[in-house]
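Report on the following structure.
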Amino acid sequence: MTTYFSSNFKLGILGGGQLGRMLLRETNKFDIQTYVLDPSNDAPCKPYTNHFTQGDLLDFDTVYNFGKQVDVLTIEIESVNINALQKLENEGVSVYPSSKTLSVIQNKATQKLFYTDNNIPTAPFSRFAFTSEIEDAIDNGGISLPFVWKAAQFGYDGNGVKIIRSVEDLIDLPNTECIVEEMVPFKNELAVIVARNPSGEIKNYPVVEMEFHPEANQVEYVICPARISEKVAQKAIEVALKVSEKINHVGLLAIELFQTHDDEILVNEVAPRPHNSGHQTIEASYTSQFEQHLRAVLNLSLGSTDNKTSGIMVNLVGAEGHTGNVVYQNIDTILAMSGVTPHIYGKKETRPFRKMGHVTIVHKDIDTAREIAQKVKETIKVISN
Ligand code: ADP
C-alpha cells in the first residue's frame, strides 16, 4: 500500500522554475509534501512548496544534502550535479530520472552518440572539444556549410544553438565543447511525450506539432493533435517509444522530432521531464503531463493520455525592448475569448524572449483553435511598465 497521500512522504524537486511550479499544483492535489532547490530566491516555485532551499543545482554538496532529506527526488531541469544523484541512489534515495538517464541526456554529444549506437534515426553530426577546432575541419573538408552548431551543455531554449552559414558566424560563439549537426530541411517539428513508471507501464501522448519563432528559436505554438497524416503520426510514436525503451527512463520523456520532406522522422533531442510541448495537456488531456510525471515517479498507475479536446499552447515571452517589472497588456481581452486560459509563471521581471507564461486555447475544432491562438498571440503583450 502506498502512503504518499497526506503522509510524511517527501518529494524533492531539483529546480524551481515554471515546470516545477506546475508540478506543485499536482502535488498539492494529492497532498504530497514537497522540497524544492533553486539558485534564485525569487524562484516561481517558492510560494507553492512546503520547503524551499536556495542553492546551486550543479554543486555536489548542495544537491547531496538537499536529496538526503527526501524519499523520491525528481528534476525540472537537466543541469544538475549527476555525481550527487549517483551517491543518493547508492544510499537508497529513489532518483527519477536516474543519474544514468541524465548522464546520457545532459550532454548533447553523448545524447547523439546514444542515438547512433541504438539505431535511432537522427541528423549526422561531429563532436568537437572546442568551437575553435571547427574552422580547421571546414578548411580540410571534414564538414561543410551550412550546419547547426550546438553547445554540448548548458544551452536551453535555443540559446546554445546557432545556424552557421559562413565561418564569420562562428566568431561570437563560446569556445566550448560542441557538436556540429547537418541542417535538416524539415517540413514540421513534432514532439511526443512518453510516460513510464518503475513497474514498466508506458503511455504516450498524441503527437504535437511545434511552430517556432523564426528569430528567437523558441516554440510559439504547440498544436495538439498535430495536423499530419495518421501514417506519419504512427511513425513518430514508434520512434518515440523506441527512444523511451532504450533510455529506460522513469517519469516523462519528451522526444522532439523532425519530419523531413519525404516524411522521415529524425530525433532532434529529448528531455526527461515535463516539457513545453506538453503544457496544453493541462486543459486538453484527461491527465496533464504534470500529474502524469508525478504518477510515474511515484510508481502509481499512469493516467489516460487521450485528448478531451483539441488544444493549442501559445508561449508568452517578454517583448523586445522591454526589461523590468512585468505587465501583461490586454490580458482581459484574451480572457473574453472562447476557451482561453492564461498561465502566469510568477516572474516579476521581464526580459526580451524570457518565458513569462503561456496561454492554452481549447476548441473541439483544431482550425478554429488555431485562429483563436493567432488572435491571442496578436493581442497579449508581455511588457515592462
Ligand atoms: P534547445 O536545446 O535549445 O531546445 P534544439 O537542439 O532543440 O535546442 O534546437 C533548437 C531549434 O533549432 C530546433 O527546434 C530547430 O528549430 C532548430 N534546429 C536544431 N537542430 C537542427 C538541425 N539539425 N537542422 C535544422 N534545424 C535545427
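The numbers here are math on the coordinates, done by the rules we state, and not lab data. Nothing here was measured: the structure is a model prediction, and the numbers come from that model. Positions of Cβ are generated from backbone atoms using ideal geometry, with glycine treated the same way; all protein chains shown enter the neighbour counts.
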Let me see the P(r) profile for the stretch 46-86: every Cα-Cα distance counted, bins of 5 Å, each bin given as a percent of all pairs. 5, 22, 33, 29, 9, 2
Along the dipole axis of the chain (charges at Cβ: +1 for Lys and Arg, -1 for Asp and Glu; origin at the Cα centre), the most positive-end residue among Thr3, Gly200, Ser285 is Thr3
Check which residues have an amide H placed less than 5 Å from Lys10's amide H, if you skip close sequence neighbours. Asp71, Val72
In the stretch 145-228, if every C-alpha pair distance is counted and binned at 5 Å from zero, what percent goes to each bin? 3, 12, 16, 19, 16, 14, 10, 6, 2, 1, 0
Taking the alpha-carbon set of the stretch 1-129, what are its Rg and Dmax in Å? 16.2, 50
Normalised contact order of the stretch 22-125, rounded percent, pairs of Cα under 8 Å and 6 or more residues apart: 16
Give me the distance between the Cα centres of the stretch 64-85 and the stretch 258-317, rounded to whole Å. 23
Listed residues Pro146, Asn119, Gln106: farthest to the positive end of the dipole of the stretch 67-157 (Cβ charges): Asn119
Please give, to one decimal in nm, the separation of the simple spin-label points placed at Ser229 and Lys29, each 7 Å out from Cα toward the Cβ. 3.7
Checked the stretch 278-385 against the a/c 1.5 cut and the a/b vs b/c comparison, axes a ≥ b ≥ c from its Cα gyration tensor; verdict oblate
Point-charge dipole on Cβ atoms (K/R +1, D/E -1) for the chain, about Cα centre, debye to 20: 1120
The stretch 199-326 - percent relative contact order, Cα under 8 Å, separation 6 or more: 26
Nearest-20 debye value, the stretch 123-218 charge dipole, Cβ charges on Lys, Arg, Asp, Glu: 480
Evaluated at 37 °C with a viscosity of 0.692 mPa s, what Stokes-Einstein diffusion coefficient in µm²/s does the stretch 18-91 have when Rh comes from the Kirkwood expression over alpha-carbon pairs? 260
Starting at 0 and stepping by 10 Å, how many percent of the alpha carbon pairs of the stretch 318-368 end up in each bin? 22, 45, 26, 7
Helix-only mean residue ellipticity at 222 nm, the chain, DSSP H runs n ≥ 4 weighted -39,500 (n - 2.57), per residue, nearest 500. What is it? -7500 deg cm²/dmol
Fraction of beta bridges assigned by DSSP in the chain that are antiparallel (%, nearest 5): 80
Where a ≥ b ≥ c are the square roots of the eigenvalues of the C-alpha gyration tensor, would you call the chain rounded, which needs a/c under 1.5, or, failing that, prolate if a/b is larger than b/c, or oblate? rounded
How long is the gain from Asn83 to Asn119 if the chain were fully straight, where each residue apart is worth 0.36 nm and the alpha carbon distance is subtracted? 10.1 nm
Long-range amide H contacts for Ile75: which residues qualify at under 5 Å (H placed 1.01 Å from N, peptide plane, sequence gap of 5 or more or a different chain)? Leu14
Please give the charge dipole size of the stretch 227-385, origin at the Cα centre, charges +1 on K and R Cβ atoms and -1 on D and E Cβ atoms. Round to the nearest 20 debye. 500
